[in-house]
Amino acid sequence: MDLRKTTDRVKKLFALVDGRVISPASRKAYHAQFRRMWDNGDLDPLKPGIALDTYYHRRASLHFAGCSMLLEKLRACADAIEKEDRAELRRSAYSLLDAVDRLEPMFALDPPAPPNVLPWELPPSRWHASENADRERGANSKRKLLPLLPRDWDSQMWLTAPDDASYRDALAVLLTVPVRSEELVPNKRPTGWSPGVVIELQSPSRMSISHMPAKSHGGKYGTELTRFIVDFTIAEEPARYLAQRCKDNAGRLVVSVDSKNALRKAMTRHGRRTMPALQGNITPNVARHQLLADLKRTFGAGEIVAAAGGHGVDRTQSHYGFHQQGRKRRGYVEVFAARTPRCGSVEHARSLSAKALDRKQRASTFKSS
């Protein structure tokens, strides 16, 4: 066999995913999924009956973990060459060839998306053209839980939280601004180090709440930094609590947690104690859905809500709590995004809705006449 030709084929596959950045947690999940696909002898990401998110996960696993496997096999060949071990080189080279032969057709069938292209700018995926396309996306979304919750569920959660609870500061943040739980975990972001959520007093009545969104695809998307200016004198009780904590800490407070999973479990347990009859778990993501629904109700869908959610485009907010599930909130003075979200989808949807309503009214007038 010609190792050089095999290596050239590997380089072409590498080029398709070159420069993509993924988090350690995603990398671990992709490798586990790819191993199952490899061991089952079926690397096709599309399977009958799977949901869209599952398809995307399998496809990403194929691309990222598949290239990682090829890299390991290339290194094994290089080590054998360095040791001048002909038998090991032959074995490693054939193992590499086998992997390329299995991965190459799958990459051709389901190639990685081109870089710097937004999902809706691409043609429909194989999943959308399959029999799976009638499956509802997000059937288990926390948005579905909002109609089942009491109107004041978040107030109940706050009032029943123990004063000495280790998660009290984090809970106050989650009930005030729509952060993701991982954004409370200190970590490196594309624009620098994030210590968690930073709260600072700006005046006797206002404070800023800032965080770096965790989901940015290597810094290509998202807001880079989101900052809320809140008038805590008229805001809800969790905001007033955070302001008092700031005053007790010389005007600046950093709220962080060691583990997003530990925070999720603590909030779930607290929710069960507060509302034992509820069929569903209250997690940080429920609070995020509720707050984005509240901001839609307060400001209207669009740029402000996109900035609040740390989204790169205004279309993403459609996957969160509905306007009807929101409540008007007081105290939100300004929402700032270091990178302005790309807008237009919400306005386009409004124009289509207005046109549809106009056609309906004209048809009704025609019938009555």
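Exactly one residue out of Arg206, Arg168, Arg245 is open to solvent by 20 Å² or more (accessible area, probe 1.4 Å), more than 28 Å from Arg272 (Cα to Cα) and among the basic types (Lys, Arg), and it is Arg206. Among the residues of region 87-131, the ones that are open to solvent by less than 40 Å² (accessible area, probe 1.4 Å) and among the aromatic types (Phe, Trp, Tyr) come to 2 in all.
Of Ser166, Ser210, all but one fail to be more than 19 Å from Ala293 (Cβ to Cβ), among the hydroxyl-bearing types (Ser, Thr, Tyr) and in a loop (DSSP other than H, G, I, E, B); the exception is Ser166.
For region 308-337, residues that are within 27 Å of Arg272 (Cα to Cα), touching a residue at least 60 places away in the same chain (Cβ under 8 Å) and not in a helix (DSSP H, G or I) total 6.
Entry remark, region 304-336: residues being under 28 Å from His217 (Cα atoms), of a type outside the set (A, V, I, L, M, F, W, C) and touching a helix residue (DSSP H, G or I) at 6+ places or on another chain (Cβ under 6 Å) number 7 in total. Please enumerate the residues belonging to region 172-207 that are over 18 Å from the mean Cα position of the chain (by Cα), touching a residue at least 40 places away in the same chain (Cβ under 8 Å) and either assigned to a loop (DSSP other than H, G, I, E, B) or under 26 Å from Pro115 (Cβ atoms) (or both). Of everything in region 172-207, those that are over 18 Å from the mean Cα position of the chain (by Cα), touching a residue at least 40 places away in the same chain (Cβ under 8 Å) and either assigned to a loop (DSSP other than H, G, I, E, B) or under 26 Å from Pro115 (Cβ atoms) (or both) turn out to be Leu175, Thr176, Pro195. Restricting attention to region 191-206, the residues that are closer than 13 Å to Val254 by Cβ and not β-branched (Val, Ile, Thr) add up to 5.
In the set (1) open to solvent by 40 Å² or more (accessible area, probe 1.4 Å); (2) under 25 Å from Leu149 (Cβ atoms); (3) outside any loop (DSSP other than H, G, I, E, B); (4) of a type in the set (A, V, I, L, M), the condition left unmet by Val305 is number (1).
The set of residues in region 260-285 that are touching a helix residue (DSSP H, G or I) at 6+ places or on another chain (Cβ under 9 Å) and part of a loop (DSSP other than H, G, I, E, B) comprises Met275, Leu278, Gln279, Gly280, Asn281, Ile282, Thr283.
Residues that are of a type in the set (A, V, I, L, M) and within 23 Å of Arg240 (Cα to Cα) do not occur anywhere in region 149-156.
The values are calculated or read from the model by the stated rules, or taken from the named source; none is laboratory data. Remember, predicted model here, so these are calculated numbers, not experimental data. As a convention, Cβ positions derive from the backbone with ideal geometry for all residues, glycine included, and neighbour counts pool all protein chains shown. What goes into the accessible areas is simple: the full protein's heavy atoms, side chains included, and nothing from ligands, DNA or RNA. Shrake-Rupley method; radii C 1.70, N 1.55, O 1.52, S 1.80 Å.
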